[in-house]
Amino acid sequence: MSSFDSLEDLSYGEEGFFPFSTASKPHHSTPHPSAITSAAAAASKAGSSPSSVSFEAPSLLVAPEINSSRDVERVMSNQEEGRRVVTWAPAEGGLNDDGVFLTWEDLRVTASSGKGGSLPILQGLTGYAQPGEVLAIMGPSGCGKSTLLDALAGRLGSNTRQSGDILINGRKQTLAFGASAYVTQDDTLMTTLTVKEAVYYSAQLQLPDSMPLSEKKARAEMTIREMGLQDAMNTRIGGWSSKGLSGGQKRRVSICIEILTRPVLLFLDEPTSGLDSAASYHVMSRIVGLARHGGRTIVASIHQPSSEVFELFHNLCLLSAGRTVYFGPAAAANEFFAVNGFPCPSLRNPSDHYLRTINKDFDQDIEKGHGVIPTAEAIDILVNSYKSSTTYQQVSRRVVEICKTEGRALDKKGSQASFLTQSLVLTRRSGVNMYRDLGYYWLRLAIYIALCLCVGTIYHDIGMSYGSIQARGSMLMFVAAFLTFMAIGGFPSFVEDMKIFGRERLNGHYGVAAFVVGNTFSSIPYLLLISVVPGAMAYYLVGLQRGIDHFVYFSLVLFVCMMLVESLMMIVASIVPDFLMGIITGAGIQGVMMLNGGFFRLPDDLPKPFWRYPMYYIAFHKYANQGFYKNEFIGLTFPNNQAGGPPTITGKEILRNIWQVEMGHSKWVDLAILFGMVITYRVMFLGIIKVLEKVKPMIRSLLTVPPEKSPQVVGAPSVEAAA
C-alpha cells in the first residue's frame, strides 16, 4: 500500500482526513510530520488554529460487482480550489473463498464489580479483520486489548456479559478447531522439554497421519528456524527448577507451536513481549508473511512496538479505556492525530506518541497546539473526532459489506492426527516430562522410601503374638491411608499439565480422551516403582506373611490406591484449578474417607444414615483395608489371650470378629473394585471436562445481551469440544 508522505496525498475538506484502504500489502513507510506542520501553518495563515484543520476522507467504493477484500488505492490529482483529492479503485478479483473475514459491530463487554454492579470493559467497538492482513490492537495497559481478543476468540470468562455482533464470514458460527489458533499472553509450556522436542511433539499431534515423520520433523525444524530459535533448539524451556529460555524465547516457542498447521485465523496476545527490537521485527515480519502469502487473517494485540514493527501492520485499532480512538490503516494514524491537534514530533516513534497521548493513568497534560490539556480531554477529542469522521462511516460500511456477502462456514476439522497417534505421542511426551521433573515422582519416591523405613523400623519383626494383631492392622491401615495420601504431592505438577492441556485443547491439538489415556499410561511405570521398592522395604522389615504372592498383592493394592488418589486429584484439578486450593480440597476429601474407612470406627458402629450408607461404600479405604487384612490374616493362627476362649484364634475369626471385614468375597474382588474406581474416576474427569466445554458457551450465550439496534440474537463465537 502506498503511504502518505506529503501534502500531495492529503485531501482537505470539512469532515476530517482519514485515508482508508483495505490493501493486503504491509506499509513500509509512515507519513512525515513535516506534512502536518505545513498543513497546520497553512491553516494558521487562513485564520484557523492548527486543531481546526480538517480533511475530507475518500470513500470506499463498494459496487455490486466488487467483491474483493483487497482494494488498492489510486491517487488522482484534481486541482479544485487548491484541493487535492484522493480516490480509490478496487483490485480485480473476488472474495477469497479460503480466507476468514471477522467482523464485530457495537461490541460491548462488562464485568461484575462484585457489589451487584458492572464495570464496562469494552464500549461499542466496531471493526473487522480480513485475509492477507494483520490487524494490530494497541493501547495502554488495561485498555481492553486482551478482552477484545478473548471476545473475538470466544474465550471470555463466565463472569462477563457481552453484547454486539461477532460474525465469521458473515455468519454467526463457532470457531472451528484447527481453523483458528490463539497464542496467549502467558507462555504455558512443558518446562522439561527442549525447544525441538516441544515443537516436534506438537507437530506430531497436529499434522495429519498421512504426512511422514520425516516431513513433520522438517516442518518443526523449519518453523523453529523461522522464529530464530535454531541456536536454542536443544535447550530446555526451563521453569522454577532450572534455568532455561528467556521470556522472549518462550514467546517464540509458543508462536512456533501454533503456526505449525498454518491456521487461517490467528490471534496473538502481545507476541513481542520480552523480545528486543530486532527479534520483534523478525518475528512480526514472519507473522506478516504468513498473512500476506497464505491469505490468513491475523489479529494481534501489541504493546509499544518499534517504528519498524509498526510499519508492518496493515490496520490499527487504537483503544483507550475500552473505547475506540482510531480504527483504520496504520499509516494514516499520524494524520489522524495531527489534524486533531496532536502531531507526532520528528524522530519520535509514532506508537510511543499515540500511547503517550491516550494514557490517562498518570493524568499528565498533553500538548495541543500551543497549549496543554488534560489527558482525559485529549482522549475525548480523539474519540469524538473518530466517531464523527468518514473513516468510521467507511469502517461501518465495510463491515456491512462483509456481512452481506456470506462466505463459507468454517470446517470443524479438529486435530488431523488420529486418536491412536494422539494417545501414543501424549504418553511419550508425558513420560519424558515425568522422568525429568524431580517433583513429579522422584521426590515422592524418596519420601516414600523414608516413610517405609520408619514404618519398617517401628514395626520391625512384628512376630506372631496376640498383640501383633492390632499392630498389623495399624501398620496396614497406615499404608492404605497415609502412604496413599502422599500421592497428592504431585498435584502442583499435574496442575501445570492441566494448564498446558487447557491451552492445547482450546486450540484443538487433541481430545480429552487422548489426554486421559496418555496421562494414565505414562504414570504407570513410576507408580509401580513407588509401590514395589518402598513397599518391599516396609513389607519385609515388618515381617508380614511370607510368600511372593502375598507381597505381589500388597504391592498391587498400594499401586491401585495411589493411582486412585491421582484420579481423584484429577477430578479436583478440573474443578479447582488453583493448586493450593486443590491440595486443601483433596486432603479434605481423603480425610473424610479415612474416617469412615472401617479402622478408626468399626463398620457396625458407624451411624447408619450418611456415614454407613453411602459414605462407607464410597470410600476406597474400605476396600483397601479389607484387601490388606484378608491378604495378611487369612492362613495365620495367633495365640488367644482372651479368658475362657480357645487357646488359638484363626485369621478368619480375627477378620470377622475384630475387624468386622466382609467375608462374602475374596481379596481379589476388593482389588477389582479398586481398579473399577480408578476407571470410574478417570471417566468422571473426562466427563467433567466435556461438560464444562459445553456448559461454558451456554452460560456465555445466556449472559450475552443482544444489541438494542438489532433484533438478531448475537454472541461471541465459542469453541466446541472435538470428539
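When the accessible area of region 206-365 is split by element with a 1.4 Å probe, what percent falls to carbon and sulfur?
Details: 2800 of 5900 Å².
Whole-percent figure for carbon plus sulfur exposure: 47.
Can you give the extra length, in nm with one decimal, that the chain gains between D549 and R601 once fully stretched, where that is 0.36 nm per residue apart less the Cα-Cα distance?
Numbers: separation 52, 0.36 × 52 = 18.72 nm, distance 2.98 nm.
Taking D549 through R601 to full extension adds about 15.7 nm, to one decimal.
Between A278 and D209, what is 0.36 nm times their sequence separation minus the Cα-Cα distance? Round to one decimal in nm. Walk me through the numbers on the way to the answer.
Working: separation 69, 0.36 × 69 = 24.84 nm, distance 3.68 nm.
Extending this stretch completely gives an extra 21.2 nm.
Counting only heavy atoms of the protein chains, get the accessible area per residue of region 242-351 (1.4 Å probe) and round it to a whole Å² value.
On the way: 2930 Å² over 110 residues.
Solvent-accessible surface per residue comes out at 27 Å².
Please work out the average accessible area per residue across region 451-498, using the 1.4 Å probe convention, and give it in Å². If you can, show how the numbers build up before the last one.
Values: 1780 Å² over 48 residues.
Accessible area per residue, region 451-498: 37 Å².
Here is the link list: K145/K387; K499/K690; K172/K690; K360/K499; K172/K696; K360/K387. Which ones come out longer than 25 Å on Cα distance? Before the final figure, lay out each step's value.
On the way: K145/K387 19 Å; K499/K690 16 Å; K172/K690 23 Å; K360/K499 34 Å; K172/K696 18 Å; K360/K387 20 Å.
Table pairs above 25 Å Cα-Cα are K360/K499.
Pop out the carbon and sulfur fraction of the accessible area of region 587-631 as a percent, whole number, probe 1.4 Å.
Details: 1290 of 1820 Å².
Of all accessible area on region 587-631, carbon and sulfur atoms account for 71 percent.
The values are calculated or read from the model by the stated rules, or taken from the named source; none is laboratory data. The model shown is predicted, which means the values in this text are computed figures rather than measured ones. Areas reflect the complete protein model, heavy atoms only, side chains present, ligands, DNA and RNA absent. Shrake-Rupley method; radii C 1.70, N 1.55, O 1.52, S 1.80 Å.
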